[in-house]
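Worksheet: the structure to be examined is printed underneath.
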Amino acid sequence: MYQMIIGTYSKRNSRGIYLLEVDGVSRQGRIVSAIEEKNPSYLCLDPTRKRLYTALENEIGQVAVYDIGNRKAPVFIGRYKTGGGTTCHVSLSQDYRRLYASNYEEGSITVFEVGDSFEKSRIFYNQAKEFAQGAHAHSTFSVGEDEIICCDKGLDSILLYQGGKEMSRF
């Protein structure tokens, strides 16, 4: 038996997040549970596979957090504003202590401290400079201690940050 979690854009009667089981032999799937959420476009699991983080790709950027230890009865933990708009991607740092949220509209990255209290610790912005259409952060990944890379579709670049400061651009 395989387990899958799918986030969807919640148009056309979609409920948002679906927790599925797929039989490894018959390849038949079934919905175990669904979570009502608006536009959970990207999902991220912690290493225990019990905590689910989701980017809510809406006008007001947010991240939602769920305990999915019991796949049949997920528990809502909280919804947190990113300070940006159209949050489209979330990922955990390599040490799992921080969650990075990419905010497409402003080209910003929000950093949350993960723990007993889930708190926004900082937000920083990709600098558009010579690009007329502006920055549009699309995804962010941890590559080392307080180092991240951000793929930015508006800048058509990959940016390397250390401590929230841009170090290089490709």
Next on the checklist: What is the percent carbon and sulfur in the accessible area of the chain, measuring with a 1.4 Å probe over the protein chains and ignoring ligands?
Outcome noted: 49 percent
Item to check | For the chain: lysine pairs under 15 Å (alpha-carbon distance), excluding those fewer than 8 apart on one chain | outcome: 5
Checklist entry - Can you list residues whose amide H is under 5 Å from N39's amide H, if they're 5+ apart or on another chain and H is modeled 1.01 Å from N? => result S10
Checklist entry - log10 I(q)/I(0), Debye, Cα-only segment 8-138, no solvent, q = 0.16, 0.17, 0.20 Å⁻¹? => result -0.81, -0.89, -1.13
Checklist entry - Of the residues L52, L160, L20, which exhibits the maximal mean-square fluctuation in a Gaussian network model of the chain defined by a 10 Å Cα contact cut-off? => result L20
Item to check | Surface per residue (accessible, 1.4 Å probe) for the chain, Å² | outcome: 54 Å²
Next on the checklist: Given the whole protein assembly as supplied and a 1.4 Å probe, what does the accessible area of V75 come to in Å², nearest 10?
Outcome noted: 80 Å²
Checklist entry - GNM on the chain, C-alpha springs below 10 Å: top fluctuator among K120, K38, K11? => result K11
Checklist entry - Within segment 74-170, which GluC sites (Glu not before Pro) sit in a loop by DSSP and count at most 10 neighbouring Cβ atoms inside 10 Å? => result E130, E145
Checklist entry - HN-Hα J couplings of segment 40-54 from phi, Karplus 6.51/-1.76/1.60, θ = phi - 60°, integer Hz, Gly and Pro as x? => result x, 6, 9, 10, 9, 9, 6, x, 7, 6, 10, 10, 10, 10, 9
Item to check | Listed residues N58, N126, N13, most fluctuating in the chain (Gaussian network, C-alpha, under 10 Å) | outcome: N13
Next on the checklist: Just to confirm my numbers, what's the Cα centroid distance between segment 25-67 and segment 74-107 in Å?
Outcome noted: 12 Å
Checklist entry - Any idea of F141's accessible area? Nearest 10 Å², probe 1.4 Å. => result 80 Å²
Checklist entry - Contour minus end-to-end for T48 and L20, with contour as 0.36 nm per residue of separation and end-to-end as the Cα-Cα distance? => result 8.3 nm
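The values are calculated or read from the model by the stated rules, or taken from the named source; none is laboratory data. Please read all numbers here as calculations on a predicted model, not as lab measurements. Ideal geometry is used to build each Cβ from the backbone, glycine not excepted, and the neighbour counts take in all protein chains shown. Accessible surface is based on the protein model in full, side chains and every heavy atom, while ligands, DNA and RNA are left aside. Shrake-Rupley method; radii C 1.70, N 1.55, O 1.52, S 1.80 Å.
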